[in-house]
Amino acid sequence: MDEKAFNDLRQRLGDEHLGKRMRAQVDHILSLTGQGLGTFHFENMTWFFRSVDIALRLSGVIKLGQHNALQFVVRENRVPFAGLPEALVGLRILQLTDLHLDGYPGLGGLIANAVTNLDFDVCVLTGDFRFSDTGLYLHLVKELKALVPALICRLGVFGILGNHDFIEMAPLIEAAGVRLLINESAALETNGEKLWLIGLDDAHFYGLHDFDKALRGVPADAARVLLVHSPEIIPQAAERGFGLYLAGHTHAGQICLPGGRALLLNAACERKYTFGPWKFKGMRGYTSAGVGSSGIFARFFCPPEIVIHVLERAEK
């Protein structure tokens with residue numbers, strides 16, 4: 001990241017947030033605990049994933065797992081949305097999460113092919129653009145250039161950072177055509193009616209989500225969709241009246257038992273909020289299994305998913 005990009009981020013985020021993020025990233029390289037809501041971070045245990053990789057290779061199923069990780073499933077999730085303006089009924093939100101674009105050569109292009117013929121009005125990317133959670137990231141440019149043109153739509157492409165994403169990656173991601181929301185908001189307008197996207201910084205490892213900052217200037221009675229990398233701040237979101245909470249992070253387990261029973265979810269919340277649609281005190285939510293793979297590029301009994309959320313009027 002050059003000096004201009006750094007100064008732009010500093011002005012945009014403020015010294016306090018940027019300083020905390022960068023200090024925590026240094027700690028990230030060595031730490032298994034972090035400062036966020038997650039209690040233990042398996043993503044930092046390289047020996048764990050090496051052991052899993054060896055086990056899959058010795059058992060002769062690694063190629064099957066890699067094949068499974070490329071079998072994208074498209075799901076449509078219809079969302080009853082309280083207080084949704086009439087002009088926004090039927091709005092289609094494409095959600096891609098946990099892309100981990102450098103986990104497999106050409107993955108950006110493969111995802112692009114999978115979404116090319118889909119119908120959507122806005123696209124949201126809910127964190128974890130890269131495979132590793134530390135180290136180099138400039139190689140992501142090639143994958144982003146292959147993917148983002150396929151996501152361009154009427155209301156734009158928006159994203160948030162996940163626990164794998166360093167703050168220095170923000171200029172690179174935005175240069176590719178993704179508008180990042182880092183404790184920020186954006187208004188989407190259709191026929192004079194607005195839907196607000198609220199994007200938070202990572203809550204799982206960094207713990208730098210800031211509702212108050214993100215909601216500045218957003219009308220209290222506005223229709224609002226929350227973008228958070230993990231499903232770990234659901235009660236706090238419900239208190240603030242969000243209509244929809246979109247998350248990822250869990251990969252729905254990624255390597256599961258037959259029937260999709262996850263062995264590991266790595267999220268500080270109840271299991272029922274770690275995959276698929278859910279409801280909490282009137283707030284609707286969806287935790288996606290993700291389109292990429294983490295730690296090891298393989299999936300079993302847990303396909304990668306592409307989700308389109310269709311907003312509907314909630315019955316009174």
Gained length - His67 relative to Asp221, 0.36 nm times residue gap less alpha-carbon distance: 50.9 nm
Mean Cβ count within 10 Å, highest first, over the residues of peptides 239-247, 80-88: 239-247, 80-88
Chain lengthening between Val89 and Leu138 when straightened (0.36 nm per residue, less Cα-Cα): 13.7 nm
The chain: Lys pairs at Cα distance under 21 angstrom, eight or more positions apart or on different chains: 7
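Quick check: residue separation of Ala314 and Glu189 times 0.36 nm, minus the Cα distance between them. What number comes out in nm?
43.0 nm
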Three principal axis lengths of the chain [C-alpha, angstrom, descending]: 58, 45, 36
FRET efficiency for Val74 and Lys213, using Cβ-Cβ distance with R0 set to 30 Å, rounded to 0.05: 0.30
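Mind ranking 307-313, 66-72 by how tightly packed they are, going by the mean number of other C-beta atoms within 10 angstrom, highest first?
Highest mean packing first, the order is 307-313, 66-72.
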Value of Rg/Rh across region 163-265 [Cα atoms, Kirkwood radius]: 1.02
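Each value in this text was obtained by applying a stated rule to the coordinates, not by laboratory testing. On a predicted model such as this, the values are computed, not experimentally measured, just so you know. Don't worry about glycine lacking a Cβ; one is built from the backbone with ideal geometry, like all the others, and counts go over all protein chains shown.
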